[in-house]
Amino acid sequence: MIRREIQVQIPNGMEASPIALLVQTASKFESSIYLEYGSVRVNAKSIMGMMSIRVDYEEKITLEVDGKDEAEAMESMAKFLSRTSD
């Protein structure tokens with residue numbers, strides 16, 4: 001299992017469009033992927049779970065990835081969340 005704190009660099013934060021793309025990215029991997037924000041923990045592969053949280057630009061989240069492709073999944077998710085433009 002890998003855990004990493006990431007500062008969200010998506011300009012408008014986690015709105016519907018970036019959330020949909022994030023879920024698509026997470027779903028490419030076998031590993032379980034969870035995003036923690038405050039006291040909330042959601043499955044990053046669940047569109048409904050991801051839509052239930054509101055993460056703004058430059059806020060910090062914790063990403064937890066566990067599984068056989070965890071390193072690749074973490075790198076891909078971190079890259080997505082740390083991007084500086086849409």
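Between the Cα long axis of helix 16-27 and the first principal axis of the chain there is an angle of about 10°, rounded to the nearest 10.
Work through the residues other than Ile53 whose Cβ is under 12 Å from its Cβ and net out their charges, Lys, Arg +1 and Asp, Glu -1.
Numbers: positive: Arg41, Arg54; negative: Glu15, Glu36, Asp56, Glu59.
So the surrounding residues net to -2.
Compute, for the chain, the length of the dipole vector about the Cα centre, with Cβ point charges of +1 (Lys, Arg) and -1 (Asp, Glu) only. Units Debye, rounded to 20. Can you show the working numbers first?
Details: 10 positive and 14 negative charges, 20 e Å.
For this selection, approximately 100 debye.
Cα-based Rg of the chain per 2.2 N^0.38 Å, rounded to two decimals?
0.95
Each value in this text was obtained by applying a stated rule to the coordinates, not by laboratory testing. Just so we're clear, the structure is a prediction, and the values are computed from it rather than from any experiment. Because the Cβ atoms are built from the backbone with ideal geometry, glycine has one as well, and the counts that use them run over all protein chains shown.
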